[in-house]
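Engineer: Take this structure first; my questions come after.
The values are calculated or read from the model by the stated rules, or taken from the named source; none is laboratory data. Every value quoted in this text rests on a predicted model; they were computed, and no experiment measured them. So basically every Cβ, Gly included, is an ideal-geometry build from the backbone, and we count neighbours across all protein chains shown. Remember, those area values only see protein heavy atoms, side chains included, never the ligands or the DNA or RNA. Shrake-Rupley method; radii C 1.70, N 1.55, O 1.52, S 1.80 Å.
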Amino acid sequence: MSRYVTTPIFYVNAAPHLGHAYTVIASDVLARHWRQRGEDVFFLTGTDEHGEPVALAAEKLGVTPQALADQNAARFQTLGPRLNASEDFFIRTSDPRHVQRVQEVLERVKANGYVEKGTYEGWYCPRCADFKTESEVAEGNRCPIHKIELTREQEDNWFFKLSAFQERLEQLFADRPDFVMPPRSANEAKAFIERGLHDVSLSRSKLRWGVPVPWDTDQVVYVWWDALLNYVTALAFAEEGNDQTDTYWPATFHVIGKDILKFHAIYWPALLMAAGLEVPDHILVHGFLLMKDASGEETKMSKSLGNVLDPFEIIDKYGADALRFYLLREVSFGQDGGVSVDGFVTRYESELANDFGNLASRSVSMVHRYRDGVVKSTSVDPEIAAIIDPLAATVAEQIDAGAPSAALETIWTGVRRLNQYVEEQAPWAIAKDPERADELDTVLTTLIDGVRVVALLLYPYLPASTAALLQTLNPGSEADFSYDAAKLRGEFGFAIDKLEPMFPKAI
Ligand SMILES: [Zn+2]
């Protein structure tokens with residue numbers, strides 16, 4: 001089965017911050033998990049490079065928009081590697097191969113009768129690059145997201161006939177209750193549709209930095225249409241000479257933040273329908289990471305609000321695994337949640353270092369202390385197998401339902417049960433009695449095998465540390481990451497390595 005997961009493409013004018021990291025990490029967990037299950041996965045991320053903010057910033061700096069985009073895109077190209085994300089391709093919307101395909105799709109949309117000329121007048125947020133409907137304008141004619149004053153815009157544009165998709169979108173949401181997840185976001189999108197859809201600008205006339213409208217090169221394509229189309233165009237050229245659209249389209253999950261719901265849940269499926277393309281399987285919406293601002297209020301993490309928690313500082317001090325774990329553990333995916341440095345340190349010490357790291361290191365060191373490092377092949381404790389073996393199926397179900405935080409909690413029930421098992425069995429006591437040698441072997445093999453299984457399940461979240469752990473437990477050959485191996489088997493009969501401390505205290 002093929003799976004296609006995307007992050008939003010990141011607007012190139014911002015510096016990468018925790019919000020970007022969050023969305024990449026969540027998408028990467030899905031991609032890595034599906035690969036473990038042997039599925040054919042394509043994972044896309046990239047940068048959104050056209051539009052007014054880039055043009056204006058470039059003008060101020062006295063450079064071309066392309067030069068500025070090149071420079072800023074590089075900061076996002078390093079984001080994935082620093083997070084240990086496993087993207088298959090990084091798309092840039094100023095890539096001529098993307099530009100050409102955007103034009104092709106829009107020609108088709110026009111030929112199908114969904115484009116017309118019109119005059120736009122209304123409120124516009126330059127940061128969102130979004131024309132706000134009356135119901136979206138916050139008090140004082142402000143952007144509800146950026147809190148800045150909106151500008152009144154009037155211009156002759158090409159329009160996309162979004163209103164023609166009123167019924168088809170209503171039908172889409174009625175037929176597929178999980179098209180947008182979680183349900184709260186689906187309801188928000190439905191409410192927007194039910195208020196009545198109006199035609200929206202397809203182009204901008206006062207701007208030069210963008211994809212030229214193919215039938216009217218005095219105008220450029222409104223940056224959101226250009227950006228949304230990346231999800232389709234990338235597949236055509238990600239691999240030179242191999243158009244992979246038929247293999248991976250429609251997308252399994254577009255992972256997005258809730259601030260861009262309207263574009264993904266309404267505009268995007270309408271545009272795809274207008275172009276005669278299939279709509280994605282799911283739009284998976286995550287909430288905001290909240291931090292306390294100067295006044296003590298919790299607000300969305302955003303560069304423009306100046307309350308940035310630097311993910312790179314955390315990575316430098318604790319490693320990417322720790323950041324990946326914390327974000328998906330602390331905030332239930334799909335909801336808003338508070339994050340803080342203190343909260344991070346608490347989770348790192350109590351859960352990563354203590355619950356998981358300590359479980360692994362004490363299990364491994366007992367094997368070295370009592371059995372010279374050799375794990376016997378024995379039958380495993382059936383009570384533990386009854387807890388650990390069903391985890392894989394539950395985790396798979398939860399990941400398929402777009403719930404990586406719930407899946408992580410499922411795995412953690414296994415971690416907690418294994419810790420409890422150590423306390424119940426007290427292998428150090430059994431070891432004192434030579435008559436109980438077989439019993440000790442069963443306990444140690446069950447423990448090591450249990451650690452192996454939870455490490456396998458945790459691999460998408462903690463790719464570096466679990467890979468090292470799995471290698472320690474199977475030093476002779478290449479570690480087996482496949483999902484089929486996520487069951488207690490008791491198949492050892494060889495020596496394991498000593499384990500390096502997994503989550504050391506930061507200095
Ligand atoms: Zn805005």
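Engineer: Does Ala385 count as in contact (Cβ under 8 Å) with a residue 24 or more places away in the chain, more than 20 Å from the chain's Cα centre (by Cα) and open to solvent by less than 20 Å² (accessible area, probe 1.4 Å)?
Structural biologist: Yes; evaluated as a whole, the condition is true for this residue.
Engineer: Next up: Which ones in the range 314-363 are among the hydrophobic types (A, V, I, L, M, F, W, C) and part of a loop (DSSP other than H, G, I, E, B)?
Structural biologist: Val331, Phe333, Val339
Engineer: Looking at Arg101, Arg75, can you tell me which residue is in contact with a Ser or Thr (Cβ under 6 Å, 6 or more places away or on another chain) and open to solvent by 30 Å² or more (accessible area, probe 1.4 Å)?
Structural biologist: Arg101 is the lone residue from the list that is in contact with a Ser or Thr (Cβ under 6 Å, 6 or more places away or on another chain) and open to solvent by 30 Å² or more (accessible area, probe 1.4 Å).
Engineer: Now, a different point. Restricting the search to the range 15-29, which residues are under 23 Å from Phe237 (Cα atoms) and of a type outside the set (Ser, Thr, Tyr)?
Structural biologist: Result: Val24, Asp28.
Engineer: Could you tell me which numbered condition Phe43 fails, if it satisfies all but one of (1) under 18 Å from Ile9 (Cα atoms); (2) assigned to a loop (DSSP other than H, G, I, E, B); (3) within 20 Å of the chain's Cα centre (by Cα)?
Structural biologist: (2)
Engineer: Just give me the residues in the range 117-136 being more than 10 Å from the ligand (Cβ to nearest atom), in contact (Cβ under 8 Å) with a residue 40 or more places away in the chain and surrounded by 13 or more Cβ atoms within 10 Å (Cβ to Cβ), in sequence order.
Structural biologist: Passing the criteria: Gly118, Tyr120, Phe131, Thr133.
Engineer: What number of residues in the range 221-241 are surrounded by fewer than 24 Cβ atoms within 10 Å (Cβ to Cβ) and not in a helix (DSSP H, G or I)?
Structural biologist: 4
Engineer: Suppose we filter Ser86, Ser94 for residues that are closer than 24 Å to Arg3 by Cα, away from the ligand (no atom under 16 Å from the Cβ) and open to solvent by 10 Å² or more (accessible area, probe 1.4 Å); which single one remains?
Structural biologist: Ser86
Engineer: Would you be able to tell me the number of residues in the range 418-440 that are open to solvent by 10 Å² or more (accessible area, probe 1.4 Å), touching a residue at least 24 places away in the same chain (Cβ under 8 Å) and touching a helix residue (DSSP H, G or I) at 6+ places or on another chain (Cβ under 8 Å)?
Structural biologist: Residues that pass the stated criteria total 3.
Engineer: Can you tell me which of (1) polar (S, T, N, Q); (2) out of contact with any Phe, Trp or Tyr (no Cβ under 6 Å at 6 or more places or on another chain); (3) within 16 Å of the ligand (Cβ to nearest atom) is the one Gln219 doesn't meet?
Structural biologist: Unmet for Gln219, out of (1) polar (S, T, N, Q); (2) out of contact with any Phe, Trp or Tyr (no Cβ under 6 Å at 6 or more places or on another chain); (3) within 16 Å of the ligand (Cβ to nearest atom): (3).
Engineer: With respect to the numbered conditions (1) at pLDDT 95 or above; (2) polar (S, T, N, Q); (3) open to solvent by 50 Å² or more (accessible area, probe 1.4 Å); (4) in a helix (DSSP H, G or I), which one is the sole condition not fulfilled by Ser377?
Structural biologist: The failed condition is (4).
Engineer: Would you point out which residue out of Leu106, Leu56 is buried (at least 18 other Cβ atoms within 10 Å of the Cβ) and part of a helix (DSSP H, G or I)?
Structural biologist: Every option except Leu106 fails the conditions.
Engineer: Could you identify the single residue in Leu172, Leu202, Leu150, Leu162 that is in contact (Cβ under 8 Å) with a residue 24 or more places away in the chain, away from the ligand (no atom under 16 Å from the Cβ), farther than 19 Å from Asp226 by Cβ and surrounded by 16 or more Cβ atoms within 10 Å (Cβ to Cβ)?
Structural biologist: Only one candidate qualifies: Leu172.
Engineer: Moving to a separate point now. So which of Thr410, Thr446 ends up being among the β-branched types (Val, Ile, Thr), in a helix (DSSP H, G or I), farther than 22 Å from Phe494 by Cα and open to solvent by less than 40 Å² (accessible area, probe 1.4 Å)?
Structural biologist: The match here is Thr410.
Engineer: Would you please name the residue that is nearest to Ala189 (Cα to Cα), looking only at residues in the range 242-251 that are touching a residue at least 40 places away in the same chain (Cβ under 8 Å) and open to solvent by 10 Å² or more (accessible area, probe 1.4 Å)?
Structural biologist: Ranking the candidates gives Pro250 first.
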